[in-house]
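Every number here is computed from the coordinates shown, using simple stated rules; none is lab data. In this text the structure is predicted, and so the values were computed from the model without any measurement. Cβ placement follows ideal geometry from the backbone for every residue including glycine, while neighbour counts extend to all protein chains displayed.
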Amino acid sequence: MNRTPRSLPTLIGFFVLGLPLVARAQDASAVAPSTVGTASATRTRSLSETEAVALALAQNPSFKSSKLQYDRAVARVRVEEGAFPWELQADGGLTHNESPTVNADRDVSTSRTDTMEAGLQLDKSFATGTALSLRVQGDRYQSHRPMSTIGGGEAGYADSSGYDMAARASVMQPLLRGRGREVGLASLRNARIQRTQAAKARDAAASSLVQNVLTAYWEAWYAKRSLELEREALDLAETQRRAAEARRDAGALAPVDVLSFETREAELLESVVAAEATLRQRYLSLWQLVGGATAPTTLTGDPPEHVAVASQDTIVAALETSSPELVELAERVRLAEAQAAIAGEQYRAQLNVESYAEARGVSEDSLPPAIGQVARMAALSAHLGLVYRTPLSGRRKANAQAEADLGVSIARSDLEAARQRLLTSTLTVVSNTRAAEARYEAAKKTAGVSRRLFDAEQQRFAAGTSTPLQVQEAEDSLRQAQQRVVRAQVDLAVAGIELQHATGELLERYVTANDHG
């Protein structure tokens with residue numbers, strides 16, 4: 001049988017397409033991630049799923065924000081724990097005072113007083129609402145006062161100076177508004193609840209990040225495995241085309257049959273190019289999640305071939321106690337309840353007991369005698385009284401309480417809605433996980449049958465009892481069956497990851513063990 005030469009365009013086309021094929025065949029696992037544009041993208045490195053999670057927890061900007069929110073909540077608690085410090089006040093001043101008076105002759109005289117004062121004061125508030133104040137104050141004065149005249153004598157002025165010393169202790173205790181530790185420590189309780197809530201939000205963000213990283217990791221693994229299958233099919237098509245050409249040259253095969261193999265090789269080359277683009281996209285998604293600081297070209301390990309699924313009762317219990325989302329929402333309920341407990345407190349009637357005791361001393365020559373009088377309590381004053389203040393309408397208090405109660409109801413409704421949604425979605429994931437495992441086992445069986453059928457078809461073609469189309473159909477069936485196997489394996493892994501995220505297992509396995517801080 002004579003050999004029919006190819007057309008010139010066909011030869012040129014296969015020459016051009018063959019160059020990248022040879023380069024790619026040198027390393028079937030390498031993908032050139034030049035689109036990333038980083039130095040690390042040009043280096044080959046391996047990355048396990050555990051390493052990917054660790055990188056994401058350390059570098060992902062969104063998760064860093066969640067950790068900073070927790071740190072901020074911790075700082076807020078420290079602020080509230082120091083909410084009742086002793087406060088020191090030091091004050092001083094100079095006062096010049098002039099006062100006009102009309103004497104008996106109807107003349108206006110002006111008296112002048114210059115005073116220099118200094119004081120120290122300690123204030124302390126307590127969680128019970130009690131306010132304590134201790135103050136020591138000393139004054140030095142000089143006065144220039146007009147003297148009264150009798151019988152029309154000439155008016156004169158008298159000068160005097162002296163020292164004044166006082167020590168006062170004051171106590172104020174609320175009996176209504178602001179009374180008790182429940183009110184006084186409300187801000188600290190809220191800050192602690194918000195700290196716990198921030199910790200749970202951080203954990204929820206960490207678990208969600210781990211879920212996304214593992215999902216992206218196994219999707220990249222699937223893209224890499226799919227590319228390998230496409231390349232294997234392309235290599236096989238090239239081998240088949242060469243064998244067909246040899247048989248054509250020997251006169252054992254029609255030229256049109258060789259064209260069928262050439263067309264198949266060109267189609268598979270297109271599939272390889274598309275699979276390479278998909279793999280680059282999957283890598284980019286993974287790099288984004290881990291913080292963009294790594295360029296993995298080799299993913300180590302394989303997805304699990306079996307996922308353990310607990311009983312429904314066990315899963316429901318795990319959702320209540322370990323689901324990051326439900327635990328965070330439960331803390332929101334606690335915060336709303338704590339805020340409702342003191343809602344409207346600032347609009348209540350106010351009744352305060354106020355008291356003070358004060359010792360005073362004076363001296364004309366120097367300050368020490370005045371201090372001695374204060375120490376001996378030679379002149380002692382005391383006061384005890386009540387101050388009552390109330391709004392004339394209770395509308396604001398009632399509205400504030402109603403608003404807080406609505407906040408509690410909303411938080412509880414959000415928790416219950418999330419509980420029902422997660423229960424439904426988790427049970428759906430359980431069903432999907434079991435279906436994925438069954439589909440994976442079935443796909444493996446189908447792939448085994450397809451392999452035997454392809455091998456048999458190749459033997460038939462070699463014996464001249466089969467056509468190239470039948471061989472190609474058997475090879476395509478085998479390749480699709482192998483693709484379904486890896487797809488089902490990844491689907492099984494992703495379903496298991498979603499189930500572990502819902503029940504908090506991801507947090508315990510990947511985050512708590514690594515102490516994300």
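Computed across the stretch 60-182, the Kirkwood radius stands at 20.2 Å (inverse of mean 1/r, all Cα pairs). Of all segments of the chain bounded by trypsin sites (Lys or Arg not before Pro) found in a DSSP loop with no more than 13 other C-beta atoms within 10 Å, the longest spans 107-517. Along the axis of the charge dipole computed for the chain (Cβ charges of +1 for Lys and Arg, -1 for Asp and Glu, origin at the Cα centre), the listed residues Gln194, Val374, Val494 are led at the positive end by Val494.
Relative to the longest principal axis of the Cα atoms of the chain, helix 395-462 runs at roughly 20 degrees.
The relative contact order of the chain comes to 20 percent, based on Cα pairs under 8 Å that sit 6 or more residues apart.
With Cα atoms defining each centre, the stretch 243-318 and the stretch 391-455 are spaced 32 Å apart in the structure. If the chain linking Gln281 and Ser160 were pulled fully straight, counting 0.36 nm for each residue of separation and taking away their Cα-Cα distance, it would gain 34.2 nm. In this label model, Val108 and Ala375 are separated by 4.8 nm, measuring between points 7 Å along each Cα→Cβ vector. Measure nothing but the geometry: give the 0 to 90° angle between the long axis through the Cα atoms of 49-59 and the longest principal axis through the Cα atoms of the chain, rounded to 10°. Result, in degrees: 30. Rounded to the nearest 10 degrees, the inclination of helix 312-322 to the longest alpha-carbon principal axis of the chain is 40 degrees. When you restrict to C-alpha pairs under 8 Å that are six or more residues apart and normalise by the size of the stretch 324-405, the relative contact order lands at 40 percent. For the stretch 142-260, the average shadow cast by the Cα convex hull is 25.9 nm², which is a quarter of the hull's surface. Ranking of Leu236, Leu134 by neighbouring Cβ atoms within 10 Å, starting from the fewest: Leu134, Leu236. Taking the charge dipole of the chain about its Cα centre, with +1 at Lys and Arg Cβ atoms and -1 at Asp and Glu Cβ atoms, the residue from Gly82, Leu289, Leu427 reaching farthest to the positive side is Leu427. This ranking places Val309, Val490, Val79 by how few other beta-carbon atoms lie within 10 Å of each, fewest first, which gives Val79, Val309, Val490.
Between the alpha-carbon centres of the stretch 208-227 and the stretch 340-382 there is a gap of 72 Å. The stretch 331-412: which GluC sites (Glu not before Pro) are DSSP loop and have at most 16 other beta-carbon atoms within 10 angstrom? Counting only loop positions with at most 16 other Cβ atoms within 10 Å, the GluC sites (Glu not before Pro) in the stretch 331-412 are Glu364. Between the beta carbons of Arg452 and Thr239, assuming R0 = 22 Å, the FRET efficiency works out to 0.65 to the nearest 0.05. Which entry in (i) 4, 17, 26, 24, 17, 8, 3, 2, 1, 0; (ii) 3, 11, 14, 13, 11, 10, 8, 7, 6, 5, 4, 3, 2, 1, 0, 0, 0; (iii) 4, 19, 30, 28, 16, 4, 0 matches P(r) over Cα pairs in 10 Å bins from 0, in percent derived from the coordinates of this structure? Among (i) 4, 17, 26, 24, 17, 8, 3, 2, 1, 0; (ii) 3, 11, 14, 13, 11, 10, 8, 7, 6, 5, 4, 3, 2, 1, 0, 0, 0; (iii) 4, 19, 30, 28, 16, 4, 0, the one calculated here is (ii).
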